[in-house]
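Okay, so here's the structure we're looking at.
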Amino acid sequence: MFSWFKPKQNNREEVADRLRHIETVFAPEGWERRAEIAVGGLSEIGFSKVTHHLLVVSSNGRGVIDCQTGERVARDYEEYGSWYDSLNMTCLGIGPLDGELISIAGLCGGGLPVCNRYGESLEVAAPEWPDEDVYFCPPNKSAFINGHQAGCCRIFRDQILSMGFSWNGEFIAVATSSDVTVWQRHRT
């Protein structure tokens, strides 16, 4: 009997098997892991469009991470207030981001850039669901396409809340409900 679903299922298994064979690395080539910071109740993250800082929003307030040093440089403990807009996916910054309206992504939706100006990209898949994998891909490569995986690597596995590049393409952030990890591109 003819079935529309067999080819789809076979393709899904082939792609999942292909993804399982991609190397897991601490940091992609040309990148350095800068920080892994625990944040209880993390709900959203967003990069500044002006500086090298990452705003982290949680049920306990806001924090700012300096992506170059990996240090937390500002923190408040104010629960969601007028500074947080879940419909427009924005949040007012604090500390070095004071006065800047930051685009955020996380529990309420939104998204960070998945490509940077260098042609590098991030892809997400869940071959080991419920955990999701973040794949770093060099220019013109894809973790999903057979024959185009050279240089692709798995940089993260967990239940992901948000992930993406900074607006200038120099940093990557991946957030779960309990922590955030930041990578920095080496300057060339």
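The values are calculated or read from the model by the stated rules, or taken from the named source; none is laboratory data. These numbers come from a predicted model, not from an experiment. Don't worry about glycine lacking a Cβ; one is built from the backbone with ideal geometry, like all the others, and counts go over all protein chains shown.
Numerical summary
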{"read-out": "Number of positions in the range 156-175 that are surrounded by fewer than 23 Cβ atoms within 10 Å (Cβ to Cβ), of a type outside the set (Phe, Trp, Tyr) and either touching a Pro at 6+ places or on another chain (Cβ under 8 Å) or within 14 Å of ALA35 (Cα to Cα) (or both)", "value": "2"}
{"read-out": "In the range 71-128, residue surrounded by the most Cβ atoms within 10 Å (Cβ to Cβ) [restricted to those that are farther than 20 Å from GLY164 by Cβ and among the acidic types (Asp, Glu)]", "value": "ASP76"}
{"read-out": "Out of ILE145, ILE172, sole residue that is farther than 19 Å from TRP129 by Cα and at pLDDT below 95", "value": "ILE145"}
{"read-out": "Residue match in the range 47-69 (condition: surrounded by fewer than 17 Cβ atoms within 10 Å (Cβ to Cβ), of a type in the set (D, E, K, R) and within 17 Å of the chain's Cα centre (by Cα))", "value": "yes"}
{"read-out": "All positions within the range 37-81 that are more than 21 Å from VAL114 (Cβ to Cβ), out of contact with any helix residue (DSSP H, G or I) (no Cβ under 9 Å at 6 or more places or on another chain) and in contact (Cβ under 8 Å) with a residue 40 or more places away in the chain", "value": "ILE37, ALA38, VAL39, GLY40, GLY41, GLN68, GLY70"}
{"read-out": "Strands (runs of 3 or more DSSP E) enclosed by the range 119-188 - at least 1 residues per element that are of a type in the set (Phe, Trp, Tyr) and touching a residue at least 12 places away in the same chain (Cβ under 8 Å)", "value": "132-137, 153-158, 162-165, 171-175, 179-185"}
